[in-house]
Amino acid sequence: MAIKLIIDTDPGIDDAMALFYAISDPGIELIALTTVFGNVTTTQATRNALFLLETAGIDIPVSEGLHKPRELLAYPPSSHVHGTEGFGNLLIEQPKGQAVSESAPEFLVEMARAHKGELVVCPIGPLTNIAAALDLDPEFCNNLKRLVIMGGSLRAGGNITPVAEANIYHDPHAADFLFRHGSNITLVGLDVTNRVICSRDYFRKLAEQSPILGGMVNQMADFYIDFYETVGKFEGCGMHDPSALINCVAPDLFVTEDHKLSVICCGEQSGETISDSSSVGEAVKVCVGVDADAVKKKFFENVAKLK
Ligand code: RIB
Ligand code: CA
């Protein structure tokens, strides 16, 4: 049976890839999107989420999330990585639809209660909405089947600072709160996503098989890989958000270790995820190994079936 899934997202190039993966995999029943700042502002994230769904012909609710981190001031979006509108040089049409009236934290709490024990939530942006949902309902995480987070790094270093992964860095207080008080958490961080690297060739082939949506992904990926080339670290781009989505349906492709976690919330180390046995929190399943070829195969075989 397909898993019921909500993605909390800041679209974002790899977020768009993750969303297209979610709609292409028959093992996923995507029931809604919630939006957050990060790669773009929250207002842009909502517009981009609606745009992607409408372009793909998918009619599900979008709920707009919070506009700034739990304690820090709002950051400027990461336009050097994802472009000023979020999708590289791709032009975005104004969507026809609108977000639902409930805010993302309220909507997430409601959905977790309505689908108690069945819902997987996959945050692929900063954890602001998820922490706020746990504030609203201390049972929020317990009501989920799993909370599969793209974020953090135990041993791989950072991607926005030498020690911090971007999603955790953009709201360290939210992440720290969640690691101390949440449950059912799997972390898909840079320890594995930095190993799921795709060159331009993968995306060019995808565009041939799926001219419309795969073609969009190919155009966005060109911009994303241009950025990665300036960093000079990889031959292609990291499939961060798609890897988290694939963990939702195929956890067996990943090796995990149990760690209690905390997050450094100030100073030069801000955003660093720490294995912290003294933390009051429940152990998190931290992904430390991945069958990268199988993850890539699963991604491209499914997305290639789209229009
Ligand atoms: O560190 C990778 C994460 O940061 C991804 O979610 C990407 O979309 C950016 O938000
Ligand atoms: Ca993201």
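The values are calculated or read from the model by the stated rules, or taken from the named source; none is laboratory data. The model shown is predicted, which means the values in this text are computed figures rather than measured ones. For neighbour counting, all protein chains shown are included, and Cβ atoms are generated from backbone atoms with ideal geometry for every residue, glycine included.
Observations
- Considering the range 238-265, the residues that are in contact with a helix residue (DSSP H, G or I) (Cβ under 7 Å, 6 or more places away or on another chain) and of a type in the set (S, T, N, Q) include one that is surrounded by the fewest Cβ atoms within 10 Å (Cβ to Cβ), namely Ser262.
- Which numbered condition Ile212 fails, given (1) within 16 Å of ligand 2 (Cβ to nearest atom); (2) aliphatic (A, V, I, L, M); (3) in contact with a Lys or Arg (Cβ under 7 Å, 6 or more places away or on another chain): (1)
- Only a single item in (1) in contact with a helix residue (DSSP H, G or I) (Cβ under 9 Å, 6 or more places away or on another chain); (2) buried (at least 18 other Cβ atoms within 10 Å of the Cβ) is not met by His80, and it is number (2).
- A residue that is of a type in the set (Phe, Trp, Tyr) and closer than 19 Å to Asp10 by Cβ can be found somewhere in the range 80-92.
- All conditions but one from (1) assigned to a helix (DSSP H, G or I); (2) away from ligand 2 (no atom under 16 Å from the Cβ) apply to Asn247; the one that does not is (2).
- For the range 5-52, the tally of residues that are more than 14 Å from ligand 2 (Cβ to nearest atom) and either touching a helix residue (DSSP H, G or I) at 6+ places or on another chain (Cβ under 8 Å) or under 18 Å from Met150 (Cα atoms) (or both) stands at 10.
- Breaking point among (1) away from ligand 1 (no atom under 16 Å from the Cβ); (2) under 19 Å from Leu19 (Cβ atoms); (3) of a type outside the set (S, T, N, Q), for Pro123: (1)
- Of the helices (runs of 4 or more DSSP H) lying entirely inside the range 130-219, those carrying at least 2 residues that are at negative phi, within 16 Å of ligand 1 (Cβ to nearest atom) and not hydrophobic (A, V, I, L, M, F, W, C) are 166-170, 190-193.
- For the range 31-88, taking the residues that are in a loop (DSSP other than H, G, I, E, B) and of a type in the set (S, T, N, Q), the one that is farthest from ligand 1 (Cβ to nearest atom) is identified as Thr84.
- The residue list Ala207, Ala221, Ala164 contains one member that is hydrophobic (A, V, I, L, M, F, W, C) and more than 25 Å from Pro76 (Cα to Cα), which is Ala207.
- Of the residues making up the range 43-62, those that are surrounded by fewer than 24 Cβ atoms within 10 Å (Cβ to Cβ) and closer than 20 Å to Val109 by Cβ number 2.
- Per the listing Glu139, Glu235, Glu165, the residue uniquely surrounded by fewer than 24 Cβ atoms within 10 Å (Cβ to Cβ) and either within 16 Å of the chain's Cα centre (by Cα) or under 25 Å from Phe107 (Cα atoms) (or both) is Glu139.
- Residue check, Glu85 of a type in the set (Asp, Glu) and surrounded by fewer than 16 Cβ atoms within 10 Å (Cβ to Cβ): no
- Val109 passes every criterion in (1) away from ligand 2 (no atom under 16 Å from the Cβ); (2) farther than 23 Å from Arg180 by Cα; (3) out of contact with any Pro (no Cβ under 9 Å at 6 or more places or on another chain); (4) at pLDDT 95 or above apart from (2).
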